[in-house]
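Q: For reference, the structure I am asking about is given below.
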Amino acid sequence: MPTERVFSGVQPTGNLHLGNYLGAIVNFVKLQDAYNCLYCVVDLHAITVWQEPAELTRNIREVTAAFIASGIDPKKHIVFNQSQVAEHAELAWVFNCVARLGWLNRMTQFKEKAGKDREAASVGLYAYPNLMAADILVYRATHVPVGEDQKQHLELARDIAQKFNNDFSDSIRAHGLDEKFFPQPEPLITGPATRVMSLRDGSKKMSKSDPSDYSRINLTDDADGIAQKIRKAKTDPEPLPSEEKGLEARPEADNLVGIYAALSGRTKADVLREFGGGQFSSFKSTLVDLSVEKLGPIGAEMKKLTQDPAYVDSVLVDGADRARAIAGQTMTSVKDIVGFIRKK
Ligand code: AMP
Ligand code: TRP
């Protein structure tokens, strides 16, 4: 196996949807052949906004089930929940002292999530990107598959890695460590659906927290639910264009074509060659069939897995043990680099 390492995380905040699947999880599955992968259920990130404890527990198991049901192999790779590996929080504190306020002030996701009443947002929500940088860098991961919305956070992680390497360059050298102690993690934002939009409003991204369940296809939706949501999805009155250029300024059409392309493993151009000139009604029927074919088995497997919480928990414990072995090594070096005293 190559030494390059993949890390990514998904928050256990309920309603895992088609955007999470196509923007992230599908790519997690593909990367298993070429990299050592760690896939993390980021429960520490989840509590940056209030989570009902019993529901959080359920959601951690549900994301784990989605990983496994989608084809992630927890034996060959590492699947775990973040809070079981204390090194994430430990390194995040060091990064809180490396990152600058000015950097965090630019984060658009904080502004969106905090909304108008910024004074009432948790400190954790603000510092969230530093924890995300720690998630990645505590494994010195080199590649991070994510949806488009995480690009800015990845840039911040790169800045933090670079500033740490610079600030501590003398100490890194004095300890005989590689001067590029933290690598520059590369975002992998790939496929025709890196930003899946709401089915009700093509200008908003599909999200777990949208009050309308019709805005998203949940991975746990049954065939009838999927069919209803796609049939009701917003479109425009024009027929489908024959070329990708014709999707410009038609966000709803663009979204449905992107979903079709991603689910079928084709490009948008290819999909339009087949469906261009046709009406949405028949395109939607084909999309319903494809969605049910691809998502149905995943939903069914998720249901089976969540009925066996003992198994799911054992996967997370085993994954956490293996993750900790890697994270612990990094933290040991970080403590030496920063100048802390530790048991030798
Ligand atoms: P989250 O649910 O915020 O933890 O996101 C988990 C992963 O799904 C991240 O890689 C996100 O970038 C990705 N993701 C979330 N929403 C979407 C969306 N609407 N389209 C594409 N990717 C998404
Ligand atoms: N912030 C990511 C999201 O909301 C989740 C996440 C946390 C993550 N830590 C990560 C993604 C590390 C990639 C790498 O989607």
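The values are calculated or read from the model by the stated rules, or taken from the named source; none is laboratory data. Note that the coordinates shown come from a computational prediction; the quantities given were computed from them, not determined experimentally. Positions of Cβ are generated from backbone atoms using ideal geometry, with glycine treated the same way; all protein chains shown enter the neighbour counts. These accessible areas exclude ligands, DNA and RNA; they are computed on the full protein's heavy atoms, side chains included. Shrake-Rupley method; radii C 1.70, N 1.55, O 1.52, S 1.80 Å.
Q: Of the residues that sit in region 144-160 and are in contact with a Lys or Arg (Cβ under 9 Å, 6 or more places away or on another chain) and within 10 Å of ligand 2 (Cβ to nearest atom), which one is farthest from Tyr35 (Cα to Cα)?
A: In this case the residue turns out to be Asp149.
Q: May I ask you to list the residues in region 163-173 that are assigned to a helix (DSSP H, G or I) and either under 28 Å from Gly9 (Cα atoms) or out of contact with any Ser or Thr (no Cβ under 9 Å at 6 or more places or on another chain) (or both)?
A: Lys163, Phe164, Asn165, Asn166, Asp167, Ser169, Asp170, Ser171, Arg173
Q: Another question, then. Out of all the residues in region 1-10, which are crowded, with 23+ Cβ neighbours inside 10 Å and more than 11 Å from the chain's Cα centre (by Cα)?
A: Val6
Q: Can you list the helices (runs of 4 or more DSSP H) found entirely within region 186-295 that contain at least 2 residues being at pLDDT 95 or above, outside the structural domain of Ala65 (by TED's automatic domain parsing) and β-branched (Val, Ile, Thr)?
A: In region 186-295, 223-232, 251-264 are the helices (runs of 4 or more DSSP H) which contain 2 or more residues that are at pLDDT 95 or above, outside the structural domain of Ala65 (by TED's automatic domain parsing) and β-branched (Val, Ile, Thr).
Q: Would it be correct to say that Met107 is touching a residue at least 24 places away in the same chain (Cβ under 8 Å), open to solvent by 20 Å² or more (accessible area, probe 1.4 Å) and closer than 22 Å to Asp43 by Cα? If you could, list the steps in order and put the result at the bottom.
A: Values: touching a residue at least 24 places away in the same chain (Cβ under 8 Å): yes; open to solvent by 20 Å² or more (accessible area, probe 1.4 Å): no; closer than 22 Å to Asp43 by Cα: yes.
No; evaluated as a whole, the condition is false for this residue.
Q: Which is within 14 Å of ligand 2 (Cβ to nearest atom), not assigned by TED's automatic domain parsing to the domain that holds Asn218 and not aromatic (Phe, Trp, Tyr), of Val10, Val26?
A: Every option except Val10 fails the conditions.
Q: All but one of (1) under 25 Å from Arg195 (Cα atoms); (2) touching a residue at least 40 places away in the same chain (Cβ under 8 Å); (3) of a type in the set (A, V, I, L, M, F, W, C) hold for Val338; which doesn't?
A: (1)
Q: At positive phi and surrounded by 16 or more Cβ atoms within 10 Å (Cβ to Cβ): which single residue out of Gly191, Gly176 fits that description? Walk me through how you get there before you give the answer.
A: On the way: Gly176 fails: surrounded by 16 or more Cβ atoms within 10 Å (Cβ to Cβ).
Just one listed residue meets the conditions, Gly191.
Q: Kindly indicate which of Ala86, Ala99, Ala46, Ala54 is open to solvent by 20 Å² or more (accessible area, probe 1.4 Å) and either within 13 Å of ligand 2 (Cβ to nearest atom) or in contact with a helix residue (DSSP H, G or I) (Cβ under 9 Å, 6 or more places away or on another chain) (or both). I'd like the intermediate steps shown before the answer.
A: Details: Ala99 fails: open to solvent by 20 Å² or more (accessible area, probe 1.4 Å); Ala46 fails: open to solvent by 20 Å² or more (accessible area, probe 1.4 Å); Ala54 fails: either within 13 Å of ligand 2 (Cβ to nearest atom) or in contact with a helix residue (DSSP H, G or I) (Cβ under 9 Å, 6 or more places away or on another chain) (or both).
Step by step, each of Ala86, Ala99, Ala46, Ala54 is checked, and only Ala86 is open to solvent by 20 Å² or more (accessible area, probe 1.4 Å) and either within 13 Å of ligand 2 (Cβ to nearest atom) or in contact with a helix residue (DSSP H, G or I) (Cβ under 9 Å, 6 or more places away or on another chain) (or both).
Q: Against the definition (within 22 Å of Asp221 (Cα to Cα) and touching a residue at least 60 places away in the same chain (Cβ under 8 Å)), how does His45 come out, yes or no?
A: Considered against the rule, which asks whether it is within 22 Å of Asp221 (Cα to Cα) and touching a residue at least 60 places away in the same chain (Cβ under 8 Å), His45 comes out as no.
Q: Evaluate region 147-169: report whether one residue or more is at pLDDT below 95, among the charged types (D, E, K, R) and over 22 Å from the mean Cα position of the chain (by Cα).
A: Checking region 147-169: not a single residue is at pLDDT below 95, among the charged types (D, E, K, R) and over 22 Å from the mean Cα position of the chain (by Cα).
Q: Does Gly176 satisfy being part of a loop (DSSP other than H, G, I, E, B) and either in the same structural domain as Asn36 (by TED's automatic domain parsing) or near ligand 1 (Cβ under 10 Å from one of its atoms) (or both)?
A: yes
Q: Right, something else. I need the full set of residues from region 11-41 which are surrounded by fewer than 23 Cβ atoms within 10 Å (Cβ to Cβ), among the aliphatic types (A, V, I, L, M) and in contact with a helix residue (DSSP H, G or I) (Cβ under 6 Å, 6 or more places away or on another chain), in order please.
A: Val29
Q: Output the qualifying pairs, or none if there are none: Cβ atoms under 8 angstrom, residues six or more apart or on different chains, first residue in region 65-83 and at negative phi, second residue open to solvent by 20 Å² or more (accessible area, probe 1.4 Å) and among the aromatic types (Phe, Trp, Tyr).
A: Ala66/Tyr21; Ser70/Tyr21
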